[in-house]
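Before any comments, here is the structure.
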Amino acid sequence: MALLELKGVTKQFGGLMANYDVTLSVEEGEIVGLIGPNGAGKTTLFNCITGYYKPTSGVVRFQGREITGWSPDRVCKTGIARTFQIVRVLKEMTVLENVMVGAFLRHPQAKDARRKALEILEFTGLAPRQDQLARNLTIANKKRLELARALATEPRLLFLDEAMAGLNPSETNDAVTMVRKLSEQQITIVLVEHVMKVIMPLAHRVVVLDSGQLIADDTPERIATNERVIEAYLGEKYRAASRSH
Amino acid sequence: MRTSRWQIPALLALILFLIAFPYLFTQPFLQRTMILIIMWSVLGLAWNFLGGYAGQVSFGHAIFFGLGAYTSTYLFTEYGISPWLGMIAGAVVAVIVSAIIGWPSFRLAGHYFAIATIAAGEIFAIIFRNWKTVGGAVGIYIPIVRGDKLIDFQFHDSKIGYYYIILAMLGLAALTTYALERNRIGYYLKAIREDPDAARSLGINVTLYKMYAMALSAAFTAIVGTFYAQFVLYISPNTVFALNISIQMALVAILGGTGTLAGPIIGAAVLIPMAEYTRVYLGGRAGGLHLVVYGLLIMIISVYQPGGLMAIYKQWRQKETARKMQQVTDAAAAGKEG
C-alpha cells in the first residue's frame, strides 16, 4: 500500500484548471521531486493534499485512509507536515518557541515539548540561535526553522515547498544533506524545487506537472531525457547540457 | 523575558503595598480610585487573553461585562440568590454567549472581526434597553443589605470589602495569565496571532483555540461585571453594555502592552487615575475631555509604539544590557592593554 495516493485530483478556480485529474502515489521512504514551470499547479497540489484547498473532485488517501477535504490541522495530526513557499515563521516568537509550538502536537506538557524542540534544534543546527526572535534570522535560517517546526510535529510525510529557493550554494548543500538525513530517519519527502542540480541527484523519482496536469512520473535519469518534459519545462539548453555529459 | 535580581523583591513589595493600601490611604476618593484601577486591570487582563495573546481585537467585551452584571443582579433581585452564585452563573452565561458570537465571527479575519464585535455589542445594548423583564432602559437598582457581610457582597461603612474582593480577582487573573504563558494553550494562541495559516500547518485547530481564548476572556469579564453591579448597586444598559466599556478595556491593554502580564495592569494604573482626575477637575467645565485624551493616546501609541509601555521598558532593558556588556568588554580590553 502506498503511503500517499492521489486519484483524479482536480482543482478549479473559476475558469482556471489549477490541477486536472492528477493521479500519483508516494511510497514509504521515498524522496519525490515535484517540478514544473511557474503556474503549473505545484503549490496548489500541495494545498489540496495538506487541507488548505478542498479539491473540486478526486480523492486523497494517506495510509489507506481517505483524507480528502480534511482541515489542515487534522491533516497535520494524521502525520503530514509542510513548509511554505514564502516562509511563515512566527516572527515575534523565539526560535525555541517556534519549534515548541510544533512539538506540542505530540507532547502536550510544556517541559516535554521543550525537550523535543531542543532535540530538533540540535539536529537542524539551530540550537545556538534558540533565544533569538524568529524575525531576526537570515532567510536560510528562517527556512531551516520552518523545517524544524514541521519536524517537531513528528510527521511520516513531509512536503517541502521550495525549501532551497534563495539559498546560496553552501546553504543549499546543507539543505540537501538535511533532506538525506531525514530520509534516513524513515520520513517520506515530497519536494517542490526549481533547482535541477538539487532535484536530480536527490530524488528517487520525479513527477512533472504542466498546466495543472501530470505529464511525467519517472526516475530522474529518464525525466532528463523525456521529450515532453524538455519541451514543457527543462528547455533545449538542458538537452544540450545532458548530451555533453 | 528573563527575571533580573530585583524583579522578585519588587513584585513582593508591590503585593504588600496593595494589601496594605486601604490602611495606608484612608480617604474615600483614593480608595475608590484604587478599586477602579484594579478593576480595570482585571478587565484589561481579561481582554488580553483574546485581544493580546490570540490577537483577536474585540470592541464588544461590554457584552460579557453586562451579562455578568445582569445575571447576578437579576438572580438576586428576583430570586434572592446570592451574588456570589450569580457571579458564577453570569460567567457561565458569558462563556455560552462567547461561543455563539465566536463561532461565526472567527471566520472573519482582522478588522472584520473587530467590526463584528462592535455590531454584536450594539445588538446586546438594544436588546437590554427594550427587555422589560430586566428593567428595560431604566435598569435595575440592587436593594441595600446592611451588615457589610462578605456573603452579601455589599459594603457600606467602608469600601475595604470591595477592595479586597477586586484585589483577589486581580490575583486570580494574573495567575491565570502567568499559567497561560507557560502552557500549550498560550503558545498556540501566540502562534495564531503571529500567523493563522502557519498555526494550522502545525496541527492547531485555529477556530477552537480562539474560542477557548474568548471563553476565558468572557468569564473574567463577566465576573468583574458582577463586581461592578455590587459596587455601584445600580445597573442599566447604558452603563454596563456601553461601547465605552469595550473601548476602555481594549485601551488599557493596548496602552500598557498587549500579550504581556504586566501590560494591562500598567495601562490601568496610568489611564484610570488620569480619567478620574480629569473627570473630577474638568468634569464641570469640559465634560468628555478625558475622551479626547483617550483619542490622542490611541493615536500616539499606534504611531510611535504599537507595543505599548511594556515595549518601551523592554527596549530600555535591551539598551541597558548592551551598555553593560560594552563596559565589560571595554574593561577586559583595558585590562589586556594594561
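List of remarks:
- In the range A:69-109, burial by the other protein chains removes 50 Å² or more of accessible area from A:D73, A:R88, A:L90, A:M93, A:V101, A:F104, compared with the chain on its own (1.4 Å probe, ligands and nucleic acids ignored).
- Comparing the full protein assembly with the isolated chain (1.4 Å probe, heavy atoms, ligands and nucleic acids excluded), the residues of the range B:197-232 losing at least 40 square angstrom of accessible area are B:D197, B:A198, B:R200, B:S201, B:L202, B:G203.
- The residues of the range A:86-153 expose, per residue, 43 Å² of accessible area to a 1.4 Å probe.
- Crossing angle, helix B:62-79 versus chain B [Cα axis fit, 0-90 degrees, rounded to tens]: 40
- Using a cutoff of 8 angstrom between alpha carbon atoms and counting only pairs six or more residues apart, the relative contact order for the range B:7-333 works out to 30 percent.
- Accessible surface, the range B:7-333, averaged per residue in Å² (probe 1.4 Å): 46
- The equivalent ellipsoid of chain A has semi-axes of 30, 22, 16 Å, largest first, where each one is the square root of 5 times an eigenvalue of the Cα gyration tensor.
- Dipole size of chain A about its Cα centre, with +1 on Lys/Arg Cβ and -1 on Asp/Glu Cβ: approximately 540 debye, rounded to the nearest 20.
- Fraction of accessible area attributable to carbon and sulfur, the range B:7-333 (%, probe 1.4 Å): 71
- Counting only DSSP H runs of at least 4 residues, each contributing -39500 (n - 2.57), and dividing by the residue count of chain B, the helix-based mean residue ellipticity at 222 nm comes to -25000 deg cm²/dmol.
- From largest to smallest, the equivalent ellipsoid semi-axes obtained for chain B from the alpha-carbon gyration tensor read 36, 26, 19 Å.
- Take the accessible area of chain A alone and of chain B alone, subtract that of the pair, and you get about 1900 Å² summed over both chains, using a 1.4 Å probe.
- For the range B:183-338: rounded, prolate or oblate by the Cα gyration tensor [a/c cutoff 1.5]: oblate
- Sulfur and carbon atoms: percent of accessible area, the range A:1-83 [1.4 Å]: 47
- Helical mean residue ellipticity (222 nm; -39500 (n - 2.57) per DSSP H run of 4+; nearest 500) of chain A: -10500 deg cm²/dmol
- Reachable lysines from B:K314, criterion Cα separation under 27 angstrom, eight or more residues apart if same chain: A:K91, A:K111, A:K142, B:K190, B:K324
- Protein-protein interface of the range B:179-195, residues with accessible area decrease of at least 40 Å², isolated chain reference, 1.4 Å probe: B:R184, B:Y187, B:Y188, B:E194, B:D195
- log₁₀ of I(q)/I(0) at q = 0.09 Å⁻¹ - the protein assembly as shown, Debye sum with one point per alpha carbon: -0.81
- For chain B, the longest site-free run once trypsin sites (Lys or Arg not before Pro) in DSSP loop states with at most 12 other Cβ atoms within 10 Å are removed: B:183-284
- Per residue, the average separation of C-alpha pairs within less than 8 Å and at least 6 apart gives chain A a relative contact order of 25 percent.
- Alpha-carbon Debye profile of the range A:86-153, log10 I(q)/I(0) at 0.21, 0.24, 0.26 Å⁻¹: -0.72, -0.94, -1.09
- Cα-derived Rg over Rh, computed across the range A:122-229 with Rh taken as Kirkwood radius: 1.01
The values are calculated or read from the model by the stated rules, or taken from the named source; none is laboratory data. Quick caveat: nothing in here was measured; it's all calculated off a predicted structure. Cβ coordinates were reconstructed from backbone atoms using ideal geometry, including for glycine residues, and neighbour counts include every protein chain displayed. These accessible areas exclude ligands, DNA and RNA; they are computed on the full protein's heavy atoms, side chains included. Shrake-Rupley method; radii C 1.70, N 1.55, O 1.52, S 1.80 Å.
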